[in-house]
Amino acid sequence: QERLGEVGPTPNNAEQEAEMTYFGESCDHLNLIQMYGRPDVEFYVYEMRRDCSGWDIKYMVDLSAVTSAFPRMIRTELDSYDGGYYVLSVLSIIRGEKEEEAFLVLQIPGKAIRYNLVTKTFVKLCDFEGAEDEGYLRFEGVNGYQYIESLCCV
């Protein structure tokens with residue numbers, strides 16, 4: 001449904017100013033991820049209510065197991081020029097027809113990871129060729145988008 005109007009306020013933490021980390025649509029759901037200050041291994045995925053009156057927590061993400069498997073995403077405070085401790089970027093949120101099909105596509109140094117939002121499991125999708133720089137993202141500030149097959153002319 002297309003309509004023009006105001007949406008409810010974004011979720012926020014009164015003590016800190018949030019940075020919008022991800023904002024996008026998948027399977028007719030509008031999703032938002034905000035992080036406060038530096039990226040953390042735990043954060044929430046919010047979903048817009050159907051009446052557009054506000055946001056509800058849909059998923060809690062815990063990347064502790066990912067940091068254990070891929071320690072290159074951990075940046076020491078001494079190396080940090082921007083205050084970050086974990087190096088990660090949410091490229092996309094993909095929602096399936098079934099709830100258990102929902103996942104994040106994350107970029108960590110040298111790799112793309114698929115993180116299942118329901119089972120909290122993950123698999124490596126690919127390595128980025130030439131990503132020899134330890135601790136930095138190859139595609140800074142890039143979002144991924146779903147491929148939607150269509151017979152419609154664009």
Item to complete: Can you check what the net charge comes to around residue 106, using other residues whose Cβ is under 11 Å from the Cβ of residue 106 (Lys, Arg +1; Asp, Glu -1)?
Response: +3
Fill in: Difference of contour (0.36 nm per residue) and Cα-Cα distance, residue 53 to residue 23
9.1 nm
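Read-outs: derived from the displayed coordinates by stated rules, not from any lab. Because the structure is a prediction, the values reported are computed rather than measured. So basically every Cβ, Gly included, is an ideal-geometry build from the backbone, and we count neighbours across all protein chains shown.
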